[in-house]
Amino acid sequence: MLTATAIAHANIAFIKYWGNRDETLRLPSNNSISMNLANLDTRTRVTFNPNLKADTLTLNQIPQAGSGLERVSDFLARVRALSGVPHFAAVHSENNFPMGAGIASSASAFAALSLAASAAAGLTLNERELSRLARTGSGSACRSIPAGFVEWQQGTGDSDSYALSIAPPDYWHLADCVAITCKAHKTTGSTEGHALASTSPLQQVRVSAAPQRVEQCRSAILNRDFAAFAEVVELDSNLMHAVMMTSTPPLLYWQAPTLNVMHAVRRWREEGTPVCYTIDAGPNVHVLTPQRYAQEIEGRLRQLSGVEDVLVAAPGGAAQILQE
Ligand code: PMV
C-alpha cells in the first residue's frame, strides 16, 4: 500500500524570510531562524492510488478545490518525478490549531506533506533532502522539518538551501504566546508578498544586514541571552514590516489591536519582564518569553482590548512519520 502519515509543527520566525532570489524554487534572499511550535501541528496522510483520476485534498475533513488543491498537486508532481510513482494521490490533512485563527499553516502543512508523500512513494530522504523538498511547497516549511531551534541556510541553489537544527527543543525553555487579534481577517498571502519585497526601497537594506542579525540571534539562543534575543527579534520583525509597508502595492498587516499588543509588550519589558514580540504576515502578535513567565503573560494578553484568544506553545520537535 503506497500510504504514509506524518506530523509536523508550525514554526515562528525570529529572523524573517521575506523575498526570494528564485520564486519557483523558493530560494530566499537571506538566512532565517525559527522555533518549532510544539502543540500547533498538522497531521497528513497521503495515499498514492492507481484508481484515482486526479489528486484529492481534504483539509479538516472538508474537500478542497481551486488554488489550495492546485498547490498541493504541483507539489505531488515533484514527488512523482522524484520517485517514479505515476499515480495520483489522496491527501487528508488536519490542523489541531483553529483554522482561520491567522496562524500560518503552510509551514506545518508542507512539512507534513513532504514527509508523508515521500514515504508513501517509497523514497528514503534524509533530513536535508526533506527540508529542500518542503521548501519548494512553502519556504518556511523547510524549517518545520528539523527539531527545535532551526536555521534555514539560504544556500547557493536548490541543492544547499535547507534548514538545520541549531539547538534541540529542550535547550532553551522559551514560550510563544500567540495573541490572536483578528480571527476573520483575510490578508495578502506570503507567496504574493515575497514577490513584492524587491519593490520596497528598504528590502536591500534589510537583506544586506541580515547576516549580522542571524549571527546575533543564533548566539543569543545558544547563550540563552533573552535581552540580546529580544533586541534582535523585534528589530528584525520591524524591518520586515517596514519592507511590507513600503512595497508597491504596500502591505499593512497590523490592525489596531496588533499595535496595542506591541505597546503593551514594550511597556512590560521596560517594567522588567523578559518579553518581546514578533509578527508574521498577519495581524496576530507572537509574544516570546521564558516559559516560567508564560502563564502570567498569557493572562495579561487576554486582558488587552482586541485580543480574542491566546495560544501558548513551547519549542517543538522534528517532523515525524506516524505508525498507524
Ligand atoms: O513560507 P511562506 O511563503 O509562508 O513565508 C513565510 C513568511 C513569514 O512568515 C512572514 C516569515 C517567516 O520567515 O516565516
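The table below lists the values:
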quantity	calculated
Tally of residues being over 18 Å from the mean Cα position of the chain (by Cα) and modelled with pLDDT of 95 or more across the stretch 147-192	10
Subset of the stretch 1-58 (residues that are farther than 23 Å from Ala117 by Cβ, part of a strand (DSSP E or B) and either open to solvent by less than 10 Å² (accessible area, probe 1.4 Å) or within 13 Å of the ligand (Cβ to nearest atom) (or both))	Ile12, Ala13, Phe14, Ile15, Ser32, Ile33, Met35
Enumerated strands (runs of 3 or more DSSP E) restricted to the stretch 253-324, each holding at least 3 residues that are among the aliphatic types (A, V, I, L, M) and touching a helix residue (DSSP H, G or I) at 6+ places or on another chain (Cβ under 8 Å)	285-290
Conditions (1) away from the ligand (no atom under 16 Å from the Cβ); (2) within 29 Å of Tyr253 (Cβ to Cβ); (3) at pLDDT 95 or above; number of the one not met by Asn96	(3)
Candidates Ala112, Ala134, Ala107, Ala120 - the one that is under 13 Å from the mean Cα position of the chain (by Cα), over 27 Å from Glu215 (Cα atoms), buried (at least 21 other Cβ atoms within 10 Å of the Cβ) and not acidic (Asp, Glu)	Ala112
Matching residues, the stretch 89-104, being surrounded by 20 or more Cβ atoms within 10 Å (Cβ to Cβ) and over 15 Å from the mean Cα position of the chain (by Cα)	Ala89, Val91, Ser93
Long-range neighbours under 8 Å by Cβ, at least six apart or interchain, first residue within 13 Å of the ligand (Cβ to nearest atom) within the stretch 102-128, second outside any helix (DSSP H, G or I) and of a type in the set (D, E, K, R)	Gly102/Lys183; Ala104/Asp280; Ser108/Asp41
Filter pass, Ala264 being in the same structural domain as Arg300 (by TED's automatic domain parsing), within 20 Å of the chain's Cα centre (by Cα), hydrophobic (A, V, I, L, M, F, W, C) and closer than 30 Å to Ser305 by Cβ	no
The stretch 152-186 - residue that is among the β-branched types (Val, Ile, Thr) and surrounded by 15 or more Cβ atoms within 10 Å (Cβ to Cβ) and, of those, nearest to the ligand (Cβ to nearest atom)	Val178
Any chance Ala281 is surrounded by 14 or more Cβ atoms within 10 Å (Cβ to Cβ) and either outside the structural domain of Ile12 (by TED's automatic domain parsing) or of a type outside the set (Lys, Arg) (or both)	yes
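The values are calculated or read from the model by the stated rules, or taken from the named source; none is laboratory data. Since the model is a prediction, treat every value here as computed from it, not as a measurement. Neighbour counts run over all protein chains shown; Cβ positions are idealised from the backbone, glycine included. Side chains are part of the model used for accessible areas, which takes the heavy atoms of the whole protein and leaves out ligands, DNA and RNA. Shrake-Rupley method; radii C 1.70, N 1.55, O 1.52, S 1.80 Å.
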